[in-house]
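What follows is a set of notes on a single structure, which appears directly below.
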Amino acid sequence: MQSPWLSVLSFLVVSTLVGLGMIGAGRVLRVRARHDSPLKVRPYECGEEPTGPAWMQFHPRYYLVALVFVLFDVEAVFLLPWGVVQRELGPAGVGAALVFVAVLMLGWLYAVRKEALKWQ
Amino acid sequence: MNIALALSPLLVVALGALLLMLAEAFSPRQGGLALGAATVLFVGAAVAGGVWMYGIERLPEAASLAPWLLLDRFGLFFDMLLCLGGGLAALLAGGYLVEHGIERGEFYVLILFATLGAMILASSGDAVTLFLGLETMSLGAYAMTAFRRASPRAAEGALKYFLLGSFAAAILIYGFALLYGATGHTDLAGIGATAATARTPLLVVGAVLVIVGVAFKVSAVPFHAWTPDAYEGAPTPATTFMAVAVKAGAFALLLRVLLIALGDASWTSWAAGWPPVVATLAVLTMTVANLIAGRQESVKRMLAYSSIAHAGYALVGVTALMRDPTQAGASVLFYLLSYTVSTAGAFGALILCGSHGREAVSYEDLSGLGRRHPAAALAFSLFLLSLAGIPPTAGFFGKWFVFKAAIDGGLYWLAILGFVNSVIGAYYYLRVMVYMYMREPAAGAPVALPMRSGYVTAALLVSALFVLALGLVPTRAIEVAVRAATLGAG
Amino acid sequence: MLSLFPSNDYLLIAVILGMPLLGAFVNGVWGKQLGKDAVRVMALTAVGLSFAASVAAFVALSQLADQQKGEHVKLVWNAWEWMNTNGGAGGVTVPIDVKFSIDALSGVMMLIVTGVGFLIHLYATSYMADDEGFARFFAYLNLFIFSMLVLLLGDNLPILFVGWEGVGLCSYLLIGFWYEHAPNAAAGKKAFIANRVGDFGLICGMFLLVHYTGALDWNGIANGASSLLHTGEQARVHVWPLGGGQYTGVLSFLQPKSPVTISAATAVGLALLLGCTGKSAQIPLYVWLPDAMAGPTPVSALIHAATMVTAGIYLICRLSFVFVLSPFVMVLIACVGAATALFAATIALVQNDIKKVLAYSTVSQLGFMFLGVGVGAFTAGFFHVFTHAFFKACLFLGAGSVIHAMHARIHDGDPSQDLRNMGGLRRWMPLTHWTFAGATAAIIGLPLTSGFFSKDEILYRAFVNRTVNPAAAALQGRVYAPPAWIGTALYATAVAAAVLTAFYMCRLYFLTFWGEFRGWTVGRPSLLSKHEVAAHDDHGHGEHHEDLSTPGHPPHESPWQMTVPLIILATFSVFAGWLNPGFGLSRQPMEHWLEPVFKEATEGAVVYAGGHDAAWAEHMTLPLALGGIGAFLVGTLLAWWMYVSQSGAPAKRAAEAQPALHRLLLDKWRIDELYDATVIAAVDSLAETAAAFDRAIVDGILARLTALVVAASGTVLRAFQSGVVHVYAAMMVVGLAATGWFFAVPHANATVVDSGNNDYLVTAAPGVGYAYRWDADSDGKPEKSDFGADSTLKLHLEPGRSQTVHLEVKNSFGLIRSKSIHVARPEEPTSSL
């Protein structure tokens, strides 16, 4: 008789093993630099030179822009499945989608009016 | 078109919220938003009332939205209740925000959207819409709590509320995920139908998580800890809204979950189902909150604990659902109604007692109010008496029906504990009255002066009217509640 | 009058009730703006019109009573439908309407409340004239009249309860009227709490009544009262095990062999009695009344002597037909009354505060009334309510007049109420003196005064009356019979209390009005009013020195607004006894008037002691009256000797000879301290515990424990470490864990139902995903080896036999719990209460 929990347990075990395995594999397989190399202390070995501490505060405007971005991102995500079936839905479907977009546009208008998208 | 009619309370509030949002953004004048918000909500309540009178049963097309939105009398009752609570909070905000210099139009928009969320929550019959409504409501409440941006206290309260709220929301949604895993349904009715046959432990774990998640929202002890901090830090109208509308929405959710998803005989078993859990929550909530409330030095914080305690009384009625869902459900609905008007009134009276950036906070601030401002003191007393459950006020019948439901369900001990608790509660409510009528302010002590505001006065009048009407002629209201609860089961 | 208002829709009641309410509203809201004159006019008009309407209604009622001889007639006004509940055997709908009615009983009370109320209002217009809270005072007083009328005229128990709470609230507000003094506020709180304890009893009684009789209005209760006495199980209230359950598991040792039950009638009676002891200040809830005298004196007279405190007796009279169904409760009422009468009288012996003496005297007199109704002499008990209203109101108002006069001289609250500072006042206050003397004569039972007749009837009835169960025949022997000596004991106690009454009232009277004035040297010059200083100015300018050792202004008589009520009340105190003189005289108007009200209660329920007949009782009238007259003589003469002829020397000697006893009496037997140490300490410590729990467990252990967990488990929870949010989250987790634990563990539980034919049906409680396995004979071998869905088991048991059933429950997590259920068929209950 198999317990229904066995699958959960095995899932837990496997996921733990995968996580630990990755760390372990990294340890074993990594390229070892010489100890006195300046590259040793760099976060990245190529690309941008980091400036300032990593624990800096982000400007709150960033969140506003990001939020509005996510909003329309999600709008696009919702419109995609609608587009696939919009022929079957007919005019009512178009209407519903228009309402959906209109409500979001009102939100966008609000954001513009409140100058949420201005960086100053 | 019938669907639109059935949906009209939600539509009114949604459209009103959008309009008000634009008006707030584009209108050069800022005044009148409170009036607008209150009008939208009261119209919403009136429309819900109109649909109720017309008879939702005559709109069969409304069923096509099930299970996502259950447009039934239960939902309509909550539409009315939530619009009433939200409208009162909006009126109070109209006086409070101006008086204390934090008048920004977003507040009213937030109230409208949060109320809309609560209405969706109360009508939802599916985990997806349910969560949608819950989060719409909660996000608005979080933002309103932090509305006084300069105050560290507000920020602290809001952050705690937000963190723990997210925690609880996570628990709730995880519970629904497990229920979905166990039954293959996200709609409550489907979960309920399958629960009878399902034997899988997932079902039980999921149900536990859902119950705990909802218990957080109704702020039942021990899931209440965020409440006093959040209620105290928030501007008082926001506190009112949270104590009234958010709590009512959460109770709607609780009733729907318990009645529809967990309404099976093995779930309502007194030995091993949810009734003993809910009863324990009720006893803990009443007792702990009442005992701590008596020790508060701030009236606002006392009222915060009082609102926790009242959730406990309502939970007594919820426990009794196991025997007679209709009568017990009706008692809970009536309790929520009486609680809504009494609490909104009490907070409103507290708001009325402060002015010019000086809020009435401590008992000391209220001393001698009976002499300085007899009308305010009289109104405050009325609401306190109602909260204490003294006839002939709404609160008396609220407790009466809840305890009666418990007794009819054979839960004598629960009713007795509830009664003992209401005696303890009477102590700290009357303490306020003692200060108002039997103390004089200490010489030279800074004492808050009552404000003059048509908005607040209007809110108090409406609340007082309800408190007295429900206390003197409760028959009609309880009939309405019974009809609302009758359909709640299906 | 009847032509104008039909008796089944008697709208005049709206006027009787509405006028005081209007007065309260106007004075409460606009009192400040209106000024004192307008407030006075409003308050007096309100009560006066209410009184006039009451008289009209009373006349109409007596006409109706004449038309329908011997019927229990009522004037009814049904205002509106209030609410519904359900109850009774079939769960019928019980309407609770806002409905008022006037019958013989409530009619008399209504006249007392509005009539005496009007006099006291008049008195108060002068007594309170200089008080800042003049308007507030009259608003409260009018509100009290309204509430009291609601209490009296309410046609059902819930409406009565509304009035009951209303008078409690007004009493609370008026006791704390001078709330600047901390003790006054404390006294108000005490009254509130004691009354709430009583209210709890009243509410329980209400629930029981609606449950058993299916009605809450007087007629309905009367019709359904018989269902309180069924022999069957449905009319037995299970006291132990509480609610009729069964103690199992670790509690099984508590399970008695046969359940302890009392009849529903006894349960209802006990619950209502608790309510009545609270309102009418009887043992054990009397403690609030003496402290309640902190309020203004007119309040003491109106609320705490004449009207509100008699509400308990009114309720017993009103529901007399329920009380008589339980002779046990009747005897208990009588015993409580007699004990209170004696107990309070002993305290009154040594008190020095004039109002305190009267307060304990009120408690004692209320005890007499309880004794009267307790022995089934409802008319006698109620008649004492009637006469007491006059003489005690007169005494209090007289005391108020004295205090008023003393205060004008002494200018200090407490010393001006102290008997030790009075004396000889009859010289300056003749009207007060004579009215006070009249009322004192009534209370000590001077033959032919009102108190003599009413008290004597109670003493007489206590000796000769017995209450028996009217349904004794139907109860098959399970009836409570009071011991044979109870009548003698009650009579002796009451006579002793009467002796003490005569003594302490005469002491009060002599100390106040006789001898020399002892108050010359008391008082504080700094408190002399400006008026007085101005009056003295002609003696010389500059600094003002009043030599308090030499006689100054003597106390003066009070103005007419205060003396006129005194005269009227004193007249009634002396002569009202002739309304029901007893002694077998042919004219007994009160008895005749109230007969229809108490007919139901007394028929079959009240018999004469020792199986004697009416002739015997008639013969006993005069011998038993000797006890009352003797008590009067002994008490009065003793007081005369002690305080007049020997000027108080024997009293001093007695106090010195027994200092401990004297101290104990002065401290009122230290009952307050006892309550403080027990009940109040218990509540306090509960609150302390909760607060300590919050501090110690939540902040202390839980916070630290979480810190430990956080430190151990590393980074995840560290993000939450700001503030104390993690404690909150920890509480939630604990709650979640507890809830989870409850559902993870199976709960083996079963209910046992008697399915008739000596069969029992054992039903295991359902649970999600539960499976069951039974072992009916507990031999360790279950009937079926597999767990199944079968959740019931049928057992056959003969009376007196028992069997243990073993139940195993497995839940969906595979956990198993088991439970042994002991099923026994108990013996039949045998209690007779």
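The Cα-based radius of gyration and maximum Cα-Cα distance (Dmax) for chain C are 32.1, 113 Å. Dipole magnitude for the protein assembly as shown: about 1800 debye, using +1 per Lys or Arg Cβ and -1 per Asp or Glu Cβ, origin at the Cα centre. The Kirkwood hydrodynamic radius of the range C:75-191, based on inverse pair distances between different Cα atoms, is 16.2 Å. Across the range C:67-84, computed HN-Hα scalar couplings (Karplus, 6.51 cos²θ - 1.76 cosθ + 1.60, θ = phi - 60°) run 5, 10, 4, x, 7, 8, 8, 9, 9, 10, 10, 9, 6, 7, 7, 9, 7, 10 Hz from first to last residue, x flagging Gly and Pro.
Against chain B, whose longest principal axis is taken from its Cα atoms, helix B:106-123 shows a tilt of about 30°.
Secondary-structure-derived ellipticity at 222 nm for chain C, considering helices only, amounts to -18500 deg cm²/dmol, per-run term -39500 (n - 2.57) for DSSP H runs with n ≥ 4. Only helical runs count toward this figure. For chain B, summing -39,500 (n - 2.57) over DSSP H runs of n ≥ 4 and dividing by all residues gives -24500 deg cm²/dmol at 222 nm. Between the range B:26-79 and the range B:411-490, what is the separation of their alpha carbon centroids in Å? Centre-to-centre (Cα) distance: 26 Å. The relative contact order of chain C, computed from alpha carbon pairs under 8 Å that lie at least 6 residues apart in sequence, is 11 percent. For chain A, the longest principal axis of the Cα atoms and the long axis of helix A:5-29 meet at an angle of about 60 degrees. The HN-Hα couplings worked out from phi for the range B:371-385 by the Karplus form 6.51 cos²θ - 1.76 cosθ + 1.60 (θ = phi - 60°) are 8, 6, 8, x, 5, 4, 5, 5, 4, 4, 4, 4, 5, 5, 4 Hz, whole numbers, x standing for Gly and Pro.
Shape index of the protein assembly as shown: Rg/Rh, with Rg the Cα radius of gyration and Rh the Kirkwood radius from the inverse mean 1/r over Cα pairs, equals 1.03.
Computed from Cα atoms, the angle from the helix C:182-213 axis to the main principal axis of chain C rounds to 50 degrees. From least to most packed, judged by other beta carbons within 10 angstrom and beginning with the fewest, A:Thr16, B:Thr186 follow the order A:Thr16, B:Thr186. Calculated on C-alpha atoms, the gyration radius of chain B divided by its Kirkwood radius gives an Rg/Rh of 0.95. Taken as Cα centroids, the range B:354-398 and the range C:592-612 sit 51 Å apart, rounded to the nearest whole angstrom. Between C:Leu637 and C:Asp130, the FRET efficiency from the beta-carbon distance, with R0 = 45 Å, is close to 0.60. Take every Cα-Cα pair in the range C:750-824 and report what % of them are more than 18 Å apart. Taking all Cα-Cα pairs of the range C:750-824, the fraction more than 18 Å apart is 37 percent. Between the alpha-carbon centers of the range A:51-102 and the range C:4-77, tell me the distance in whole angstrom. When both Cα centres are located, 72 Å separates them.
For C:Val237, the residues whose amide H sits under 5 Å from its own are C:Ile262, C:Ser263, C:Ala264, ignoring neighbours fewer than 5 places away on the same chain, with H placed 1.01 Å from N. Computed extension length for A:Leu17-A:Phe100: 25.4 nm, one decimal, from 0.36 nm per residue of separation with the Cα-Cα distance subtracted.
Modelled spin-label separation between C:Ala484 and C:Phe583, with each label point placed 7 Å from Cα along the Cα-to-Cβ direction: 3.2 nm.
Counting neighbouring Cβ atoms within 10 Å and putting the fewest first, the residues A:Asp36, C:Asp790 line up as A:Asp36, C:Asp790. Dividing the radius of gyration of the alpha carbons in the range B:293-364 by their Kirkwood radius gives 1.14 for Rg/Rh.
Normalised Debye scattering of the range A:5-113 at q = 0.16, 0.23 Å⁻¹ gives log10 I(q)/I(0) of -0.91, -1.22, counting only Cα atoms as equal scatterers and leaving out solvent. Going by neighbour counts of Cβ atoms within 10 Å, the residues B:Ser342, B:Ser123 line up, fewest first, as B:Ser123, B:Ser342.
Read the figures in this text as sums done on the coordinates, not as results from a lab. Note that the structure is predicted; figures quoted are calculated from it, not measured. A quick note on method: Cβ atoms are made from the backbone with ideal geometry, for glycine too, and the neighbour counts reach across all protein chains shown.
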